[in-house]
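Student: Sharing a structure here in structure tokens format.
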Amino acid sequence: MEEVFGLIDCNNFYVSCERVFRPDVEGKPVIVLSNNDGNAVSRSNEAKLLGVRMGDPAFKIRDLIKRENITLFSSNYGLYGDLSNRVTQVLGSMVPTVETYSIDESFLNLGEFAGREVEALARELRERVLRWVGIPTCVGIAPTKTLAKVANFIAKKRPQYRGVCDLRSSQVRAELLPTVPVEEVWGIGGASAAKLVKLGIQTAADLAALEPDDARALMTVTGGRTVYELRGISCLPLELM
Ligand SMILES: [Mg+2]
């Protein structure tokens with residue numbers, strides 16, 4: 001059976017959770033602040049466009065908040081956990097094999113749907129999560145987990161994909177991987193990215209073209225695996241409890 005991974009990720013999750021109960025701040029700049037209201041831990045797209053960065057201390061952007069009329073929320077992890085469970089339940093209603101990866105991300109085994117068009121299924125999944133829980137998501141589809149993460153990144157950043165990017169075709173990968181910065185690849189931390197860029201490896205396509213042995217020398221065994229995964233060879237199975 002062909003391996004097909006899906007990665008469904010909630011958009012700006014904490015902000016989206018707050019908006020479920022405050023539809024009046026839909027389309028407006030919103031920030032969720034960390035415990036004791038210290039730093040920005042989630043930003044709506046509108047807040048991102050105003051230049052609010054992840055981790056910005058609230059006191060540093062006080063003027064911007066006032067001028068742009070940004071709505072602030074204190075984080076409410078009980079609420080986020082509850083909505084996360086509801087999202088997982090909806091996913092389980094359509095996909096039998098789900099790996100909950102973090103509070104707002106799950107890997108899906110979409111290889112079990114040979115009889116169904118996988119992209120249509122992904123769109124239906126998004127719609128269900130939005131309708132039943134109220135949370136917007138994006139879905140990446142690919143033959144490996146690392147590529148599914150890349151696909152999700154593309155779906156999230158580029159509106160023309162309408163929330164779903166499918167990287168199963170090697171032709172599509174050849175077209176899109178050169179457009180993805182290497183630091184956006186799953187597992188490539190800041191230090192590795194800096195090393196790679198110095199060597200002229202700037203994009204996901206450059207990294208996929210690297211010799212796996214060289215990648216291992218640069219970034220241990222994980223780096224070698226990442227290269228294979230970017231080439232469409234699956235090394236990381238779903239981790240099920
Ligand atoms: Mg997210």
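The values are calculated or read from the model by the stated rules, or taken from the named source; none is laboratory data. Predicted model, so just to flag it, every value in this text is computed and none were measured. Cβ sites come from the backbone with ideal geometry, for glycine too, and all protein chains shown count toward neighbours.
Student: Residues to consider are 105, 99, 68; find the one that is modelled with pLDDT of 95 or more, of a type in the set (Asp, Glu) and outside the structural domain of residue 139 (by TED's automatic domain parsing). Before the answer, list the steps.
Tutor: On the way: 105 fails: outside the structural domain of residue 139 (by TED's automatic domain parsing); 99 fails: outside the structural domain of residue 139 (by TED's automatic domain parsing).
Step by step, each of 105, 99, 68 is checked, and only 68 is modelled with pLDDT of 95 or more, of a type in the set (Asp, Glu) and outside the structural domain of residue 139 (by TED's automatic domain parsing).
Student: Of 119, 124, 175, 99, which residue is closer than 21 Å to residue 81 by Cα, among the acidic types (Asp, Glu) and surrounded by fewer than 21 Cβ atoms within 10 Å (Cβ to Cβ)? Please lay out each step first, then the result.
Tutor: Numbers: 119 fails: closer than 21 Å to residue 81 by Cα; 124 fails: closer than 21 Å to residue 81 by Cα; 175 fails: closer than 21 Å to residue 81 by Cα.
One residue alone meets the criteria, 99.
Student: Would you say residue 189 is at pLDDT below 95 and closer than 19 Å to residue 230 by Cβ? Steps first, answer last, please.
Tutor: On the way: at pLDDT below 95: yes; closer than 19 Å to residue 230 by Cβ: yes.
Criteria met by residue 189.
Student: Oh, and also: May I ask you to list the residues in the stretch 1-39 that are touching a Pro at 6+ places or on another chain (Cβ under 8 Å), within 16 Å of the ligand (Cβ to nearest atom) and not in a loop (DSSP other than H, G, I, E, B)?
Tutor: 10, 16
Student: Looking only at the stretch 13-72, count every residue that is of a type in the set (Lys, Arg) and more than 21 Å from the chain's Cα centre (by Cα) and tell me the total.
Tutor: Keep residues of the stretch 13-72 that are of a type in the set (Lys, Arg), which gives 19, 22, 28, 43, 48, 53, 60, 62, 66-67.
Narrowing further to those that are more than 21 Å from the chain's Cα centre (by Cα): 22, 28, 60, 62, 66-67.
So the answer is 6.
Student: Of (1) part of a helix (DSSP H, G or I); (2) farther than 25 Å from residue 130 by Cβ; (3) in contact with a strand residue (DSSP E or B) (Cβ under 8 Å, 6 or more places away or on another chain), residue 55 satisfies all except one. Which?
Tutor: (1)
Student: Among the residues of the stretch 40-52, write down those that are out of contact with any strand residue (DSSP E or B) (no Cβ under 9 Å at 6 or more places or on another chain) and within 16 Å of the ligand (Cβ to nearest atom).
Tutor: Across the stretch 40-52, the qualifying residues are 45, 48.
Student: Could you list all residues from the stretch 188-238 that are of a type in the set (A, V, I, L, M) and outside any helix (DSSP H, G or I)?
Tutor: Quick first cut of the stretch 188-238, residues of a type in the set (A, V, I, L, M) only: 188, 191, 193-194, 196-197, 199, 201, 204-205, 207-210, 215, 217-219, 221, 227, 230, 233, 236, 238.
188, 199, 201, 210, 233, 236, 238, listed by residue number.
Student: Right, another one. Tell me yes or no: at least one residue of the stretch 72-95 is of a type in the set (D, E, K, R), part of a helix (DSSP H, G or I) and at pLDDT below 95. Walk me through it before giving the result.
Tutor: Within the stretch 72-95, the subset of a type in the set (D, E, K, R) is 82, 86.
From what's left, part of a helix (DSSP H, G or I): 82, 86.
With at pLDDT below 95 added as a condition, the list becomes none.
No, the stretch 72-95 contains no residue that is of a type in the set (D, E, K, R), part of a helix (DSSP H, G or I) and at pLDDT below 95.
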